[in-house]
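Everything on this sheet refers to the single structure shown next.
Only the coordinates and a few stated rules stand behind these numbers; no lab work does. None of these values were measured; they are calculated from a predicted model. Glycine also receives a Cβ, built like all others from the backbone with ideal geometry; neighbour counts cover every protein chain displayed.
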Amino acid sequence: MHIKSIKELDIANKSVFIRCDFNVPMDEFGNITDDRRIRSALQTIRYCLDHDCKIVLASHLGRPKGFEEKYSLKPVARRLHSLLKLDIIMAKDVIGEDAKTKAKNLKNGEILLLENLRFEKGETKNDPEFAKELAKFGEIYINDAFGVSHRAHASVEAVTHFYDEEHKGAGFLLLKEIKFFHHLLKRPTRPFVAVIGGSKVSGKLQALINLLPKVDKMLIGGGMAFTFLKAMGEEVGNSLVEDDLIDEAAKIMEEAKRLGVKLYLPVDLVVAQTFSEDSPIKYVTYKEIPRGWMGLDIGPATVRLFREALNDAQTILWNGPMGVYEMDKFARGSFQISHFIAQSYAVKVVGGGDTADLVQRAGDDEEMTFISTGGGASLELIEGKTLPGIAALMVENGEEE
Ligand code: AMP
């Protein structure tokens with residue numbers, strides 16, 4: 001199976017419909033606070049400009065219920081304009097009269113941005129009728145929206161059925177995401193170390209199970225570590241624990257032992273009495289979490305332990321913060337691990353979502369080999385799933401991607 005790259009398609013002078021992921025965070029005044037996803041789409045857009053295409057861009061933003069001005073893609077059009085130094089024609093609707101007229105009048109080398117795809121109910125329903133209308137915007141369909149490729153939505157899945165193999169493919173960003181995760185899971189340079197954190201075991205259980213036979217070491221931090229500590233018989237006070245997953249955590253530890261995977265858990269923690277920045281804190285070992293206190297970050301000894309374990313890594317996959325990094329008081333462990341990974345000579349791949357945000361806050365984003373633009377999508381790849389948006393672009397012949 002193979003995924004056709006935009007480079008393998010004959011796009012010159014054609015109209016190209018590109019599904020992008022412009023789902024960027026904004027503040028309460030509608031200012032874009034992080035434009036990484038927009039910048040990541042530029043390579044594909046520029047490639048189409050170089051081939052004199054008529055370019056129609058589409059994306060969703062947030063979770064609007066029908067048309068809601070605050071979810072308009074106008075700020076994205078402005079940012080695209082300032083990054084590309086080109087006029088961006090903004091449609092007032094998605095498949096309405098305005099979008100259709102503007103698409104009809106589009107000249108080669110011009111860019112039209114449709115309004116938020118989720119203003120139309122058909123998008124999340126994977127509605128073929130809606131997809132059919134979208135397909136009219138381009139002779140060629142390109143998916144460059146990795147962040148939504150795990151969703152069977154009309155602009156990602158249903159739309160692909162209106163194109164044959166010669167007329168659909170993946171943009172540069174989508175290909176890069178697939179390439180990194182594929183390489184990581186199939187041919188990592190060893191030692192391969194996974195650093196897994198975040199709030200709960202339940203959210204990452206499948207990822208842990210799928211990763212275990214592939215890695216040499218697994219470092220577990222964040223809230224999920226407490227379910228593992230409890231499975232070892234430790235008292236964890238009021239820390240986040242999923243009692244129904246204690247047996248699963250024990251099984252994962254047994255399986256790690258059987259496979260020879262070195263599994264590390266925190267040996268000390270920053271504990272607080274309440275889940276708040278004002279709460280007094282203490283550093284304690286994992287055997288001394290006081291009753292009524294909760295662990296909200298890994299402690300300094302764990303940072304040293306994790307650094308030692310990461311020292312010989314040639315490949316590092318990081319998904320999930322080591323503590324409640326949104327609060328300064330509990331961000332130190334995550335930031336220190338971030339700095340250390342950033343300085344390592346290993347291939348270091350960071351999952352999207354919270355981990356990408358944290359690495360950026362720590363000022364380490366430039367140093368990472370690759371930061372995924374999709375939190376949910378990258379997690380599903382790590383879980384070993386085939387993403388609907390990627391499956392829809394697979395063609396039978398050709399070598400494996
Ligand atoms: P996830 O979405 O599962 O990757 O979890 C990310 C969230 O986990 C972040 O918002 C962190 O604040 C939270 N988190 C990390 N460590 C802890 C902890 N020890 N207790 C509670 N929440 C945590």
Sorted on mean Cβ neighbours within 10 Å (highest first), peptides 174-185, 367-378 come out as 367-378, 174-185
Would you please give the residues with an amide H less than 5 Å from that of I371, counting only those at least 5 places away or on a separate chain, with H modeled from the backbone geometry? V350
To two decimal places, what compactness ratio does the range 180-382 give when its Cα radius of gyration is scaled by 2.2 N^0.38 Å? 0.94
Cα-based reach from K70 at 16 Å (exclusive), listing lysines while leaving out same-chain residues under 8 positions away: K92
P(r) for the range 110-160: what percent of alpha-carbon pairs falls in each 10 Å bin, starting at zero? 26, 60, 13, 0
Degrees separating the helix 74-84 axis from the principal Cα axis of the chain, which is the longest one: 90
In whole angstrom, and with the biggest value first, how far do the Cα coordinates of the range 95-233 range along each principal axis? 67, 32, 24
Could you give the angle, 0 to 90 degrees to the nearest 10, between helix 300-310's Cα long axis and the longest principal axis of the Cα atoms of the chain? 60
What lysines could a cross-link reach from K257, if we take a straight Cα to Cα line under 27 Å and drop same-chain neighbours fewer than 8 places away? K186, K200, K204, K214, K217, K230, K287, K348, K385
Just to check I understand the Karplus step: with θ = phi - 60° and J = 6.51 cos²θ - 1.76 cosθ + 1.60, what whole-Hz values come out for the range 37-47, glycine and proline as x? 5, 5, 4, 5, 8, 5, 4, 5, 5, 5, 4
Report, to the nearest 10°, how far helix 246-259 tilts away from the longest principal axis of the Cα atoms in the chain, using its own Cα long axis and a range of 0 to 90°. 90
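Can you quote the Å³ per residue value for the convex hull of the Cα atoms in the chain, rounded to an integer?
Taking only Cα atoms, the chain has a hull volume of 144 Å³ per residue.
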Once you have the Cα-Cα distance between K100 and E277, take 0.36 nm times their residue separation minus that, and quote the gain in nm to one decimal. 58.6 nm
Percent of beta bridges antiparallel (DSSP, the chain, rounded to nearest 5): 25
Applying the Karplus parametrisation 6.51 cos²θ - 1.76 cosθ + 1.60 with θ = phi - 60° to the phi angles of the range 55-62, what ³J(HN,Hα) value in whole Hz is obtained for each residue in order, glycine and proline being reported as x? 10, 10, 9, 9, 7, 9, 8, x
Is the C-alpha gyration tensor of the range 2-173 telling us rounded, prolate or oblate? Criteria: a/c under 1.5 is rounded; beyond that, a/b larger than b/c is prolate, otherwise oblate. rounded
Residue span A12 to D164: 0.36 nm per residue of separation minus Cα-Cα distance leaves a gain in nm of 53.0 nm
Using the Karplus equation 6.51 cos²θ - 1.76 cosθ + 1.60 (θ = phi - 60°), what ³J(HN,Hα) coupling, rounded to whole Hz, does each residue of the range 175-183 give in order, writing x for Gly and Pro? 4, 5, 4, 4, 4, 5, 6, 5, 4
Pairwise centroid distance, computed over Cα atoms, of the range 175-211 with the range 66-85, Å: 33
Would you list, by chain and number, the aspartates and glutamates whose Cα falls below 14 Å from the Cα of K100, excluding same-chain residues fewer than 8 positions away? E115, E133
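Note down the net charge around A377, summing +1 for each Lys or Arg and -1 for each Asp or Glu among other residues with Cβ under 11 Å from its Cβ. Don't jump to the answer; show the numbers that get you there.
On the way: positive: R151, K385; negative: D21, E177, E380, E383.
Result for the local shell: -2.
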